[in-house]
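One structure is given below, encoded as structure tokens.
Read-outs throughout are calculated quantities, based only on the coordinates presented, and are distinct from any laboratory measurement. These numbers were taken from a predicted model, which means no experiment stands behind them. Counting neighbours? That spans all protein chains shown, and the Cβs are built from the backbone with ideal geometry, glycine included.
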Amino acid sequence: MIKRLLLNRQTQVRFIKFFTVGALGYIVNVGFFNALKGNASANGAFTIAFIISTCSHYTLNRFWALRSVRSDSLRQFIEYLMTVVLSYAISWACFKGFHAGLGLSLGAAQALSIPPSTIVTFFILNFRVFKGHHKLIT
């Protein structure tokens, strides 16, 4: 089932768009983190950068990358927020693990904390929150 979904052309296009939005979100996240880390605590800078990048991520995914066929916008937004909480928890755990556990710099820990949650987030957003019409290859 997963293999068929991954080989599906529509899923591949949506993933490329999702990845593009993620790359832009990553740039926003890193940019704000670097701008804030000198004036705020590392935890505060991480959280503020995450929130700002999440806002851009939602908007670009909702209206471009993962255009949705759903009409229940409020429920969809709540599901998105729940996915963001999961993504934040994964990213936060990685950030703390990379920085405190492995001794990486704040910048390296912050940068490396984002990719681990990306694949989980894609599957949840693509197949649940912003689900489109997925025609499977048979």
Open item on the list: As I understand it, the dipole of the range 11-138 uses +1 on the Cβ of Lys and Arg and -1 on the Cβ of Asp and Glu, about the Cα centre. Which of 19, 71, 105 lies farthest toward its positive end?
Closed with: 71
Task: In degrees, nearest ten, helix 42-60 long axis to first principal axis of the chain (Cα) - done: 20 degrees
Open item on the list: Relative to 2.2 N^0.38 Å, what does the C-alpha radius of gyration of the chain come to as a ratio? Two decimals please.
Closed with: 1.11
TODO: With θ set to phi - 60°, apply the Karplus curve 6.51 cos²θ - 1.76 cosθ + 1.60 along the range 94-108 and write out the HN-Hα couplings as whole Hz, x wherever there is a Gly or Pro.
DONE: 5, 4, 5, x, 5, 7, 6, x, 9, x, 6, 5, 4, x, 5
TODO: Give the Kirkwood hydrodynamic radius (Å, one decimal) of the range 52-121, defined as one over the mean of 1/r across all pairs of different Cα atoms.
DONE: 13.3 Å
Task: Cα-based helix-to-principal-axis angle, 9-36 vs the chain, degrees rounded to 10 - done: 20 degrees
Task: Size of charge dipole - the range 1-108 - debye, nearest 20, with Cβ of Lys, Arg +1 and Asp, Glu -1, no other charges - done: 460 debye
Task: Helix 115-124 vs. the chain, principal-axis angle (Cα, 0 to 90°, nearest 10) - done: 30 degrees
Open item on the list: So for the chain, if I pair up every lysine 8 or more residues apart or on another chain, how many of those pairs have alpha-carbons under 25 Å apart?
Closed with: 6
Open item on the list: Please report the spacing between the Cα centers of the range 110-127 and the range 17-47 in Å, no decimals.
Closed with: 15 Å
Task: Using θ = phi - 60° and Karplus 6.51 cos²θ - 1.76 cosθ + 1.60, couplings along the range 70-75 (whole Hz; Gly, Pro as x) - done: 6, 10, 8, 4, 5, 4
